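Trainee: Below you'll find the structure I mean.
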Amino acid sequence: MSDIGGRILQYKTPDGVPVDLGAEFVHGSKSNILFDMAQEQQWPMHHVFDIDDPEDMGQQAVVLGGKLSYFDEQVVQDALEVLEWLRGQKLDDDFQDTSVYHYLLQHCPKASRASLAIVDCILGATWGASLTTLGVKETISDENNWEHGSQNYVIQGGFRRVIDHLKQGLNIKLGWRASSIDYSSAKVVVTSRRGASLECTCVLITAPLSILKDGDIQFTPELPAPKRSAIRTMRMGAAGKVVCTFTTAFWPPALHMLLTDHNIFTQIWMYGQAQDQGYHVVTGYITGPGLALAEGQLRATVIRWFVEYLDLIFGWNGVQVASDSFHRGMVHSWAMHPGARGCYAYPGVGTTGCREALARPVADRVFFAGEAVNLKSCGNVSSALESGHHAAEAIAASFWRARL
């Protein structure tokens, strides 16, 4: 690849507005390696919303059929009660895995098609999946294992700060895509697509799950059967973004998040990241089938659809508030990105135990890290950083064992 950062990708508009096309939220402030890093480096952060604060969330909204419903309205409260019910379910050896959708429909007293549509906006879209593809066992486990708290932030200046900080002092080879890893002898040999090779004591693989699933890297000998099975079984979400800048903030000041039943734009975020440059940023999160629909269109068409949807939500008496203040727009699909081919791993049906199998080192020389192997919760930058620390500790321990 020609740049570092993986699914952290920042784009600057011609006006100098930094736009995060990949990761952009710091989820939680408790025992969070990413939040602590931002604090230590004194990066300014903007608090967006707290999902456990009733007053804060009461000002966030859901859009159903083009109509705005705030979180304190009954239709949304019913959906939130369904979510709380799901998190309260106990997992035991007899628990049968199925999709979250079917489990809720069959067992949750408050589940209805209306409430599940909102739960899908909250839970399914956040994972880059849907309630019909999320596995209930791993979803409950991830929800209950989350320990970082309920507050959400964005880093002023964007996630590029994270990459610029972490790359200091490192010897990084760009345009060097690994095609094979041979760990059959005392030394590990990594070979690139162009035939160049590196010899090392051990190797840490942080490639996205989709790259492993597609077999881009060939292993000699082949990986153990449990690891190959885990790679086949685990699921990778599909997501993209349409990001637009506007000259006017045409939404209520306390509104930062919209969950929608739109067939393309499942979540919409507004948080004033670019106000210093005189523009306001609105991001539409595109997931699931909507992403395939968006990818089949010209980017200008997707941007126009998004702006028109904002007109529908916030306009009145025919006034096109979004169109009138539209400045620039861009579209990015992570499913089409050659180095990612998806957004992040999600808890699928039948995936219990797969992360443990994927994270397990091979022959004390081949190690794995990344958001997909975090044993507590996958799908975010904090999870990826934590897994990297754990892998580094495992590598250090292997060096000590080799000396004995």
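The values are calculated or read from the model by the stated rules, or taken from the named source; none is laboratory data. What you see is a predicted model, and the numbers here were worked out from it, not measured in a lab. As a convention, Cβ positions derive from the backbone with ideal geometry for all residues, glycine included, and neighbour counts pool all protein chains shown. Accessible surface is based on the protein model in full, side chains and every heavy atom, while ligands, DNA and RNA are left aside. Shrake-Rupley method; radii C 1.70, N 1.55, O 1.52, S 1.80 Å.
Trainee: Only one of (1) outside any loop (DSSP other than H, G, I, E, B); (2) open to solvent by less than 30 Å² (accessible area, probe 1.4 Å); (3) within 30 Å of residue 288 (Cβ to Cβ) fails for residue 391. Which number is that?
Mentor: (3)
Trainee: Another question, then. Under the condition of being assigned to a helix (DSSP H, G or I) and out of contact with any Phe, Trp or Tyr (no Cβ under 9 Å at 6 or more places or on another chain), which residue from the stretch 348-383 is most open to solvent (accessible area, probe 1.4 Å)?
Mentor: For the stretch 348-383, the residue satisfying everything is 356.
Trainee: Right, next: Find the residue count for the stretch 283-312, including only residues that are in contact with a Ser or Thr (Cβ under 8 Å, 6 or more places away or on another chain) and of a type in the set (Val, Ile, Thr).
Mentor: 3
Trainee: Condition first: among the hydrophobic types (A, V, I, L, M, F, W, C) and either under 27 Å from the mean Cα position of the chain (by Cα) or modelled with pLDDT of 95 or more (or both). Now tell me which residues in the stretch 173-197 satisfy that.
Mentor: First, the residues of the stretch 173-197 that are among the hydrophobic types (A, V, I, L, M, F, W, C): 174, 176, 178, 181, 186, 188-190, 196.
Within the stretch 173-197, 174, 176, 178, 181, 188, 189, 190, 196 meet the criteria.
Trainee: Also: Return a yes/no flag: does the stretch 75-86 have any residue that is at pLDDT below 95, more than 18 Å from residue 143 (Cβ to Cβ) and not β-branched (Val, Ile, Thr).
Mentor: Looking for residues that are at pLDDT below 95, more than 18 Å from residue 143 (Cβ to Cβ) and not β-branched (Val, Ile, Thr), one finds at least one in the stretch 75-86, hence yes.
Trainee: While we're looking at this one, here's another question. Pairs only if they're at least six apart or on different chains, beta carbon under 8 angstrom, first in the stretch 301-314 and more than 14 Å from residue 251 (Cβ to Cβ), second in a helix (DSSP H, G or I) and at pLDDT 95 or above; list them, first residue then second.
Mentor: Pairs that qualify, where the first residue is more than 14 Å from residue 251 (Cβ to Cβ) and the partner is in a helix (DSSP H, G or I) and at pLDDT 95 or above, are 308/322; 308/323.
Trainee: Let me ask you something else. When you look at residue 284, is it modelled with pLDDT under 90 and not aliphatic (A, V, I, L, M), yes or no?
Mentor: Judged against the criteria, residue 284 is not a match.
Trainee: Can you pull out the residues in the stretch 26-44 that are crowded, with 18+ Cβ neighbours inside 10 Å and outside any loop (DSSP other than H, G, I, E, B)?
Mentor: 26, 27, 34, 35, 37, 38
Trainee: Given (1) touching a residue at least 24 places away in the same chain (Cβ under 8 Å); (2) open to solvent by 70 Å² or more (accessible area, probe 1.4 Å); (3) within 23 Å of residue 327 (Cα to Cα), identify the lone condition not met by residue 12.
Mentor: (1)
Trainee: Could you count how many residues in the stretch 75-116 are of a type in the set (D, E, K, R) and open to solvent by less than 70 Å² (accessible area, probe 1.4 Å)? Don't jump to the end; show me each part of the working.
Mentor: Just the residues of the stretch 75-116 that are of a type in the set (D, E, K, R), to begin with: 78, 81, 84, 87, 90, 92-94, 97, 110, 113.
Applying the additional criterion that residues be open to solvent by less than 70 Å² (accessible area, probe 1.4 Å) yields 78, 97.
Result for the stretch 75-116: 2.
Trainee: Here's another thing I want to ask about it. With a cut-off of at least 3 residues that are open to solvent by 70 Å² or more (accessible area, probe 1.4 Å) and farther than 30 Å from residue 287 by Cβ, name the strands (runs of 3 or more DSSP E) lying wholly within the stretch 185-242.
Mentor: Here the list reads 197-200.
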